[in-house]
Amino acid sequence: MQQAEITRAPQAAVKNKKQKDPNRIRFFSIQGRVDMPMTVIILVLLVFGITMMFSAGHAQSYVDNDGDSFAYTVRQVVAAGIGLLGMLILCFFDYRILRHEFRWFGGRVKFTLAHLFLFVTLVLNFMCIFGVEAEAGQKRWLQIPVFGTFQPSDFLKISLIIFMSYYIHKNADNIRRFHIGILKPLMLFVVVAVIMIKIQSHLSGMLIMTAICAVILFVGGINMKPVIPVVVFAAAVIIVVISLTGFSYFGDRVMYMDPLSDPGNKSFQNYESALAIGSGGIWGKGFGNSTQKYHYLPFAVNDFVYSILVEEFGFVGGMAVIILFVVFVMRGFVIASHAEDRFGCLVATGITFHIGLQALLNIGVCLCCIPNTGISMPFFSYGGTALMLQLWEMGILLSISKRAKLR
C-alpha cells in the first residue's frame, strides 16, 4: 500500500502541474495585464471619433431619420458598447486558441478556427453577388433582418490577418520556399481579388487586404528574391480583371482626383472636401460650426469625416488625430515585437498595420492625394459593424499584449 501511494504521488504532481501550466492553451485566461498605454490610446480614439461623427452627421441624420439629429450617434454608441463588451471579453481570450488544431474522427480530420473564419468570411463575401446594390452599382453589403446591412469585407480583413499568421506560424521552417511562401498565398490572393473586384467592385478593399498580407509575409520571413516578378504578374492579373469588370468606375476615381478637374460633377466630393479643409485654417471654426456638413460635402459622416474635423478644429486638430494614429501604430508594433510567439507577433502586426493603413488612406482621400474609393476612417466614420469589428480587433491585440514581454 505504501508503494502504491508513492506511485500515485508523482502522478498527482504531474496532473497538478499540467493544470497550472501557464503555457497551456485555454479559451480564456486571466494571467497577465493588458497594455495600458494602448488601452488609453484606443479609448481616446473611440471617444474623439464618436464625438466627431456626431458633429459631422447630425444634419444628415436629421434628414434621413425624420428630424432625429441623434439617430446616427445613438446607433454608433450602441455599436461602440457592443464593441467594448467584445473587446473586454477578448482581452481574457487566449489568442493562441485561434491557431490550435482541433482533431475529429480520431485525428483524421484537423481544422483550426483560422480556417473556419476564413471559409465563412469568403462565403459571405461571395454572397454579395445577391446583396444590396449601391447607387453606383457596387454590391458590397448584405442585408440582415432587423439589424440592417453590413459589409462582409470588414470580416474578411480580420480573417485574412489571422489565417496568414497561422499559415506562416505553421510553415515557419519552410516559408522561404517559393511554393509555400509565395505560390500558395498568391492562389488565395487570386480568389480574394476575384471576389473583391468582380463581385463587389471594391478595389480599395482588395488593395488594403493585399498590403496587409504582404506585410505579414514580409515580417514572416519569406524569400524576397522572386517577389518582384510575382508582383508584376499580380498587377497584370488585376489590370485584366478590372478591364473585364469595367475600367470606367476605377479610372474615373484616378482621373478626377484633382478637385478642380470637374468640380460641378465627377470631382465634386474632392472639391467640397478641399473647401472644408482649407476653410478650417490653423485653429478651425470651432466644434459644431462646420458649414460643409450641411449637405455640401456628400458622405461627410462616413468617408469625409476627417475633412469636417479639420474644418472645425483646423490644422491643429487634424495633426492631433494623425499623431494619435502614429502613436497607436508605434505602440502596436512594440506589442508585436515583444509577443510571446510568432503567431502573436504576426497577428499584432497585421491588426496594427490594418488600422494605421486605413487611417492613412482615408486622410489621403480627404486631402485629395489618393483616389476616392470609399475608404472609411477607423473609429471615426459612421458604421456600426466596422466599429464593432475594430474594437474586437483591439481586444485580440490587448490579449496578445497580456502575454507579451513588455517593460
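For the residue pairs LYS184/LYS225; LYS110/LYS157; LYS184/LYS405; LYS157/LYS184, alpha carbon separations beyond 26 Å are given by LYS184/LYS405.
Name the shape class, rounded, prolate or oblate, that the alpha-carbon gyration tensor gives for region 280-407, where a ≥ b ≥ c are the square roots of its eigenvalues, rounded holds for a/c under 1.5, and otherwise prolate holds if a/b is larger than b/c and oblate otherwise. Prolate is the answer for region 280-407, as a/c is 1.5 or above and a/b outweighs b/c.
Under 1.5 on a/c is rounded, so check that first for region 297-345, then, if it is not, pick prolate when a/b is larger than b/c and oblate when it is not; a ≥ b ≥ c are the square roots of the alpha carbon gyration tensor eigenvalues. Here region 297-345 falls in the oblate category. The simple spin-label model puts a point 7 Å past each Cα toward its Cβ; for GLN31 and HIS295 those points are separated by 6.0 nm.
Here, each number is a calculation from the coordinates, and none is a lab measurement. Predicted, not measured: the structure shown is a model, and the values here were computed from it. Quick reminder, even Gly has a Cβ in these numbers, built from the backbone with ideal geometry, and neighbours come from all protein chains shown.
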